[in-house]
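A quick write-up on the structure given underneath.
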Amino acid sequence: MMKSLCLLLVSVLFMNSLLEAQGRKWKGEGTTLNLESIVIGRCYDYIRLVNPAVGEKNCSEIWEAFKNAFINKDPCSILPKDYELFISLSLHPIPPNKSLFWENNQLLVNSFADRGRRYMSLADTLFGFLGDFLNWCGQANSTGLDYESCPTTEECENNAVESFWRMASITYAQHSSGVIHVLLNGSAVGGAYPQPGFFADYEIPNLQKDKISQIVIWVVDDIEGPDIDSCGTHTVKVLENRLITLGYDVTCTDNYKSVMFLLCLDYPDDSKCTLSSSAPAAQRGPVSSDRGGSWNKLMFVSFVGFLFRFALVY
């Protein structure tokens with residue numbers, strides 16, 4: 001037993017020494033290069049092209065508020081409230097019936113929401129858009145960013161990125177209204193509704209019940225993945241019961257067609273993506289004589305319309 005403990009201790013010390021030798025204090029990736037340029041650029045991209053309806057925002061001021069939330073601080077002592085000024089400067093209304101919450105399917109949600117055109121997920125708000133897929137942290141007693149390494153959530157929960165998304169999730173939930181949509185991954189290991197999780201711990205508790213008419217849950221399996229969770233079973237049942245107990249009107253649908261169509265773009269030959277055999281044969285085979293007749297009629301009507309317009313002009 002003592003021998004095993006000694007070996008474990010030696011291994012830990014060796015890994016720490018290796019990380020320090022490589023200039024890495026933490027296990028996570030360091031700050032994204034050109035972070036300032038990316039954040040300010042995304043800000044202008046959002047207010048000019050993605051969603052001009054939010055109006056004017058001071059992108060330089062937003063960057064300063066974002067940076068000051070974690071700069072010159074212990075990277076394991078950053079709290080959600082440290083981002084309050086950043087949230088205040090970047091906040092804008094979320095259209096009713098457009099909110100889309102999720103777990104374990106970020107890329108699918110980004111595609112389905114279509115940058116706010118179809119739905120407005122957290123990443124489609126200005127404050128979420130600025131931080132999406134980025135990494136960052138500062139250093140105690142230093143005004144610089146740490147480009148070598150940043151702490152992971154396993155190393156410390158109160159890191160800069162984790163606290164940012166907690167604050168963003170809380171804010172997003174508080175400003176969502178109307179019909180709320182939730183897209184869950186039915187193939188996720190451990191279940192579609194993870195606990196702990198951002199939806200369970202930061203979003204559900206901050207929903208404003210008086211502003212919400214219904215919560216619509218979609219449980220969608222990966223095309224090539226297993227069917228682990230579904231409406232009315234396992235963790236989804238836990239979620240449904242929790243929301244019903246809170247007094248919400250809840251509906252749940254498995255493999256929602258609109259999302260499945262999107263997934264099938266990448267798997268057109270999969271059996272789950274095969275069109276129903278009840279589809280009209282004329283749509284799958286050669287053009288029928290009836291469709292040819294319809295085409296001839298259309299050409300005749302178009303030609304008559306052209307002659308009529310020509311007569312009116314001359």
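About its Cα centre, what dipole magnitude does the range 41-181 give when the only charges are +1 on Lys and Arg Cβ and -1 on Asp and Glu Cβ, stated in debye to the nearest 20?
On the way: 11 positive and 17 negative charges, 138 e Å.
Taking the Cα centre of the range 41-181 as origin, the dipole is about 660 debye.
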*If we count every other residue with Cβ under 13 angstrom of PHE101's Cβ, Lys/Arg +1 and Asp/Glu -1, where does the sum land?*
-3
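Take the residue pairs LYS25/LYS73; LYS98/LYS257; LYS209/LYS257 and return only those whose Cα atoms are more than 20 Å apart. Write down the numbers at each step before the final one.
Values: LYS25/LYS73 15 Å; LYS98/LYS257 18 Å; LYS209/LYS257 28 Å.
The answer is LYS209/LYS257.
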*Unit charges on C-beta of K, R, D, E only; dipole of the range 37-83, Debye*: 80
*Whole number in Å², please: accessible area per residue of the range 119-258, 1.4 Å probe, ligands, DNA and RNA not counted.*
40
*List every residue whose amide H lies under 5 Å from the amide H of GLY178, counting only residues 5 or more places away in sequence or on a different chain, with H placed 1.01 Å from N in the peptide plane.*
ASN97, ILE212, SER213
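The values are calculated or read from the model by the stated rules, or taken from the named source; none is laboratory data. Keep in mind that this is a model prediction, so the values were computed, not measured. Methodologically, a virtual Cβ is constructed for each residue, glycine included, from the backbone with ideal geometry; neighbour enumeration extends over all protein chains shown. We work out accessible area using only protein heavy atoms, side chains counted, and drop any ligands, DNA or RNA first. Shrake-Rupley method; radii C 1.70, N 1.55, O 1.52, S 1.80 Å.
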